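Asks: The structure's right below; bear with me while I get my questions together.
The values are calculated or read from the model by the stated rules, or taken from the named source; none is laboratory data. Fair warning: this is a prediction, and the values are worked out from it, not measured in the lab. Cβ: placed from backbone, ideal geometry, glycine included. Neighbour counts: every protein chain shown. Ligands, DNA and RNA are stripped out before the accessible areas are found, and what is left, the full protein with its side chains, is counted by its heavy atoms. Shrake-Rupley method; radii C 1.70, N 1.55, O 1.52, S 1.80 Å.
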Amino acid sequence: MNEGHSVNEGHSVIHLPTVEDTEAFGRRLAVELGAGDLVVLDGPLGAGKTALARGIAAGLGVEGRVSSPTFIIAREHRAGQRPGGGEPVAMVHVDAYRLGLGAERSATFDELDALDLDTDLAGAVVVVEWGEGIVEHLTDRHLLVRLRREPESDVRTAQWGWVS
């Protein structure tokens, strides 16, 4: 997963019938993530972005309960013991939905800059819900995960790949 490529050149798709499957997928993604990685989660309300973030957190072994950071915008989870060993890494979980609401794009970037995520990237995996089109400039490459939920169903579909 650490090899960069454009989502348009290649991506993977998985069907996730349950919330537990979505969390398990996040744990699998986390195996290849390390400090400096940016994960952008895209999808409508109820698509499973927070469930996927919970899975990534579990796979990284970070401390603390993972819930949507909607009202605080960003929540840092300290590094804990990583399942299966590996270098412990912190996770910063961001909800970019409210950034720049009703404002111009430059105001959104100012709000994002105030979060100091580029500094966090040095020692953490940064997972951003609702971040597409907002945070990509923070790194040379990022993992983009697009989640969709089937109408009238709990089945979700995830499409993912590294974008550079």
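Asks: Order of 52-59, 140-147, 31-38 by packing, highest average Cβ count within 10 Å first?
Replies: 52-59, 140-147, 31-38
Asks: Follow-up. To the nearest 10 square angstrom, what accessible area does LEU138 show with a 1.4 Å probe?
Replies: Its accessible surface works out to 40 Å², give or take rounding.
Asks: Which order do the peptides 13-22, 80-89 take when ranked by the mean count of other beta-carbon atoms within 10 Å per residue, highest first?
Replies: Result, highest mean first: 13-22, 80-89.
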